[in-house]
Amino acid sequence: MRDVLVLLVFAGWALALPYWGSEFLVSLALTCLMYVALSTSWALFCGTTRYLSLATSAFFGLGAYTSAIGLAQFGWVPTILLGAGIAALVALVMGAAVLHLRGTYFAVLTFGMTELIRHAVTYFEKSVTGTVGRVLATVPERDTVYLTMLALAVLAVAVSVWVRRTRFGLALAGIGGDEQRAQTLGVNTRWVKLAGFALTAAFAGAVGAAMSVRWTYIDPHTVFNPFIGFQTVLIALIGGALTLWGPLIAAIVFSVLAETLRLQAPQVYMMTLGLLLILSVLYLPGGLASLRWEIFRGWRFGRAGRG
């Protein structure tokens, strides 16, 4: 119940922002919501099962191209759903090929498949359509895009809250703890992993379809940018991939940090990002969300010592 109340407060504050915030603030909030949805959905599968996927940018790019091609024909909401569906379908194919691997092998192969998809789209655009990218002639209003991203961010957190309380969530956690033991307990780990991977991809595809309209022109280099996937992973890890609210908090912090430093001092931004990751791995393996537990433990032991 507490998680639901916090989510409602977050959604209410974000819903009111376009009515009193400036254009810059709304644009910043849009970036925050994008990474909230991406990092929360990524952590739902990858954080729980400990499968390090680097394929987020592939699913994001597929959703973006779905929007660029189908928005004028299908309309806004069907295009978002179509982007999610195509990304989930590709994730099922990709997962069937690589989800039997773990660790570095899985991470490298998902990144390799992302690059393969990017180059395949580039080849198709140049050889078949005769273009490098696509112009988005049909673009919805700003508030429509914002409300869609808010809905996707809230839905990602809500699904994460719900899944963690289901047998499916327990199966994901069991795979992360000891996959072989989960198999002996009757968990169909293959199908659970495929479903979790497809769920993560569906959110990334929907986010890509919604966010693509921020650009009037897209190309494979822009929407399949590996930085989108890397930053999603970093946000989830630094916030706390095993926690519910860690990715959300980190997404807001890093979005503000990115807008503050990226344009004025991009090198400083990247250095800061790397430094925070190193410090988090060394001193906060549970992410920023674990700070509250450390503070609480210190306060409790301090009171016990005084008593």
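The values are calculated or read from the model by the stated rules, or taken from the named source; none is laboratory data. As the structure is a computational prediction, the values presented were derived from the model and not from experiment. Please note: Cβ atoms are built from the backbone with ideal geometry, for glycine as well, and neighbour counts cover all protein chains shown. Accessible surface is based on the protein model in full, side chains and every heavy atom, while ligands, DNA and RNA are left aside. Shrake-Rupley method; radii C 1.70, N 1.55, O 1.52, S 1.80 Å.
Details
- Taking the helices alone, the chain has a mean residue ellipticity at 222 nm of -26000 deg cm²/dmol, built from -39,500 (n - 2.57) per DSSP H run of at least 4 residues and averaged over all its residues.
- Taking GluC sites (Glu not before Pro) across the stretch 86-173, the ones in a DSSP loop with at most 11 further Cβ atoms lying within 10 angstrom of their Cβ are Glu141.
- Sorted peptide list for 76-83, 252-259, criterion being average Cβ within 10 angstrom, highest first: 76-83, 252-259
- On the basis of the beta-carbon distance and an R0 of 35 Å, Asp143 and Leu185 show a calculated FRET efficiency of 0.15.
- What the Cβ-Cβ distance of Tyr19 and Thr131 gives, at R0 = 41 Å and to the nearest 0.05, is a FRET efficiency of 0.60.
- For the listed peptides 177-190, 22-35, a ranking on the average number of other beta carbons within 10 Å per residue, highest first, reads 22-35, 177-190.
- Percentage relative contact order, the chain, counting C-alpha pairs under 8 Å, at least six apart: 32 percent
- When you count the other C-beta atoms within 10 angstrom of each residue and take the mean per peptide, 153-165, 41-53, 207-219 line up highest first as 41-53, 207-219, 153-165.
- For the chain, accessible area per residue (1.4 Å probe, heavy atoms of protein chains only), Å²: 50 Å²
- Label-to-label distance, nm, for residues given as Thr272 and Leu5 (7 Å Cα→Cβ offset): 3.4 nm
- Helix axis angle, 103-124 relative to the chain longest principal axis, alpha carbon, degrees: 20 degrees
- Distance-filtered residues of the stretch 39-64 - backbone nitrogen under 19 Å, label point 7 angstrom along Leu81 Cα→Cβ: 63-64
- Size of charge dipole - the stretch 112-217 - debye, nearest 20, with Cβ of Lys, Arg +1 and Asp, Glu -1, no other charges: 200 debye
- The slack in the chain from Gln264 to Leu89, taken as 0.36 nm per residue of separation less the alpha-carbon distance, amounts to 59.0 nm.
- Separation of the stretch 229-243 from the stretch 167-224 is 14 Å, based on Cα centroids.
- Ranking Gly70, Thr104, Thr122 by Cα position along the charge dipole of the chain, where only Lys, Arg, Asp and Glu carry charges on their C-beta atoms, puts Thr104 farthest toward the positive end.
- Within the accessible area of the chain (1.4 Å probe), percent carbon and sulfur: 69 percent
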